[in-house]
1. Which links in K134/K155; K17/K155; K38/K135; K57/K155 stretch past 26 Å when you go from one Cα to the other?
2. Using only alpha carbon pairs under 8 Å that are at least six residues apart, calculate the relative contact order of the chain and give it in whole percent.
3. Let me know the Kirkwood hydrodynamic radius for region 162-216, please, with Cα pairs as the basis and the value in Å to one decimal.
4. Given H placed 1.01 Å from N in the peptide plane, which residues other than close sequence neighbours of T109 have an amide H under 5 Å from its amide H?
5. Which order results if V14, V170, V154 are arranged by neighbouring Cβ count within 10 Å, fewest first?
6. Region 167-205: which trypsin sites (Lys or Arg not before Pro) are DSSP loop and have at most 15 other beta-carbon atoms within 10 angstrom?
7. Hey, got the Cα dimensions of the chain along the principal axes, in Å, largest first?
8. If you rank V30, V172 by fewest surrounding Cβ atoms within 10 Å, what's the result?
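Bear in mind these aren't lab numbers, they're just calculated from the coordinates by the rules spelled out. Owing to the predicted nature of the structure, the values given are computational and were not obtained by experimental measurement. Please note: Cβ atoms are built from the backbone with ideal geometry, for glycine as well, and neighbour counts cover all protein chains shown.
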Amino acid sequence: MKLISVNVGLPREVVWKGHSVTTGIFKEPVTGAHKVRKLNLEGDQQADLTVHGGRDKAVYAYPSEHYDYWRKELPEMALPFGMFGENLTTEGLFETQVNIGDRVRIGTTLFEVTQPRMPCYKLGIKFGRDDIIKKFLQSERSGIYFAVIEEGEVKADDVIEIISRDENRVTVLDIARLYTSEKENLDLLRRVIQIAALPEGWREYFQERLEKHTAQ
């Protein structure tokens, strides 16, 4: 597994459906080593911190292999790395294989897997089409959000190494499916709320779901 591309960008104002919107989703590949801080990469910034960024969404990674799928789905579009707003375009690191709470070293930085990406309307802005949000969710290609455990540096071609595995063995894809297509999976709901690395908002959401089902 390795890092293919490092992508950063600062918030910019764009016009979407007649309204001015500030978004940090526009990322472009950069060369050389980039410092990784607790809340983002050097040269990168999120626009709306109420739903983006923070400790549990400090860095977003997206598998380069998914681009082949999207080029078939959207043949009319140019899809350079960073198109999905990811900071790290990776090779060999998939939502089906990493668990919430796994720790991953890239370059000199230690990350912790926290959650899948649930897209907002700004992905539609980036692609210039509203249907990309539904397509993105249905594709089950969410990408991976990381918290930064140890600050360091990353650069293209860095090796990606899984340092430790969370004992609950709940993958990033499991979380995405529990939100979309497996809402009634009570066994998974019970396992999910035990994961220390899962952000509190997710834990509360799944706890409420479990309580609702068990009360019936």
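1. K134/K155; K17/K155; K38/K135
2. Computed over the chain, the figure is 25 percent.
3. 11.6
4. E153
5. The most exposed by this proxy come first: V14, V170, V154.
6. Qualifying residues, ordered by number: R169, K183.
7. 51, 43, 32
8. V30, V172
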